[in-house]
1. Taking GLU46, is it over 17 Å from the mean Cα position of the chain (by Cα) and farther than 20 Å from ALA119 by Cβ?
2. For the range 124-138, how many residues meet the condition of being farther than 25 Å from THR80 by Cα and within 15 Å of the chain's Cα centre (by Cα)?
3. State yes or no: is ASN145 without any contact (Cβ under 8 Å) to a residue 24 or more places away in the chain, within 20 Å of LEU204 (Cβ to Cβ) and of a type outside the set (Ser, Thr, Tyr)?
4. Would you confirm whether any residue within the range 118-125 is under 15 Å from LEU59 (Cα atoms), within 15 Å of ligand 3 (Cβ to nearest atom), in a strand (DSSP E or B) and of a type in the set (Asp, Glu)?
5. Just the residues that are assigned to a strand (DSSP E or B) and within 15 Å of ligand 3 (Cβ to nearest atom), please, taken from the range 92-117.
6. When the range 34-69 is examined, which residues are found to be touching a helix residue (DSSP H, G or I) at 6+ places or on another chain (Cβ under 7 Å), within 12 Å of ligand 1 (Cβ to nearest atom) and closer than 16 Å to LEU24 by Cα?
7. Can you work out which of the residues in the range 199-218 that are under 16 Å from SER155 (Cα atoms) and surrounded by 24 or more Cβ atoms within 10 Å (Cβ to Cβ) is farthest from ligand 3 (Cβ to nearest atom)?
8. When the residues of the range 1-32 are filtered to those that are loosely packed, with under 15 Cβ neighbours inside 10 Å and hydroxyl-bearing (Ser, Thr, Tyr), which remaining residue is farthest from LEU110 (Cα to Cα)?
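Readers should treat all values here as calculations from the given coordinates under stated rules, not as data from a laboratory. In this text the structure is predicted, and so the values were computed from the model without any measurement. Here the Cβ positions follow ideal geometry from the backbone for every residue, glycine too, while neighbour counts run over all protein chains shown.
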Amino acid sequence: MTNDQLQIFLDIATEAALAAGTVLQSYLGNLKNIQEKGRPGDLVTEADKASEKAILEVLNRHLPQHGILTEESGSLGNTTGPYLWAIDPLDGTTNFAHQYPFFSASIGLLIDGIPAVGAIFDPFHNELFRAAKGLGATRNRQPINVSQTSDLAKSLLVTGFAYDRRETSDNNYAEFCHLTHLTQGVRRSGAASIDLAHIACGRLDGYWERGLQPWDVAAGVILIQEAGGKVSAYDGNKFDIHSGRILATNGHLHNSLSQALLETPPLNSWQ
Ligand code: IPD
Ligand code: CA
Ligand code: CA
């Protein structure tokens with residue numbers, strides 16, 4: 001894969017993310033149809049669907065031969081080839097429904113299963129995050145880098161809690177308590193793509209979460225890697241986008257955060 005080819009894919013991802021952002025802004029504060037998809041709190045709105053339609057229009061026009069995996073439509077086109085677009089048309093739907101301004105359109109391209117291109121657009125703050133393998137990471141087209149924080153005690157982290165949190169004891173509550181005590185704080189923004197973008201540009205130092213889907217993280221993973229950060233499984237082993245789990249940091253505190261996660265005491269020890 002040449003840099004020129006990656007740049008073309010990045011520009012197509014950007015066109016799609018910006019088109020989605022325009023759609024999202026038009027629905028913000030104007031939602032008429034908010035439904036639960038299954039689990040309590042797992043919402044879908046007409047904005048999710050309209051944003052997805054705008055993204056698919058761009059991808060199908062430029063790259064009809066590529067496979068697509070979207071949150072609202074599932075698998076589309078040739079999903080057995082080397083190219084798979086993993087798309088979240090509205091990451092942070094709950095925030096969006098409440099007009100809490102942390103949401104994005106997140107568009108990633110996996111090449112042979114590995115995140116290679118990503119565009120995340122936050123239309124409320126007009127922030128466009130982009131990256132492609134070997135081409136660097138940018139925010140509004142200016143290069144970005146992860147933070148330098150190497151001491152967990154001086155770090156600001158972020159995490160999230162999946163929609164199955166009421167059904168499993170593996171719901172990240174124990175990890176949240178443990179890391180809250182070890183750091184300057186743990187935030188919960190409600191949009192995985194924004195969490196990853198904020199690590200890539202140095203606002204946050206580390207992130208972990210379980211219960212994620214490929215479309216939540218595909219774009220953010222390449223963004224962090226190209227901004228100088230590190231992405232892995234909780235234990236530091238190779239990241240698997242289908243595992244549902246991610247540990248993403250500035251790289252400097254990766255090992256100490258990994259160790260802290262693995263050493264998390266049971267929740268009842270906090271009560
Ligand atoms: C959710 C957000 C949230 C994360 C959930 C995701 P959605 O995506 O990224 O931060 O904690 O696991 O499902 O449903 O708003 O697209
Ligand atoms: Ca999502
Ligand atoms: Ca979504």
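1. When the stated conditions are applied, GLU46 passes them.
2. 5
3. No, not satisfied.
4. no
5. SER104, ALA105, SER106, ILE107, GLY108
6. The answer is LEU43, VAL44, THR45, ALA47, ASP48, SER51.
7. ASP205
8. Within the range 1-32, the match that is farthest from LEU110 (Cα to Cα) is SER26.
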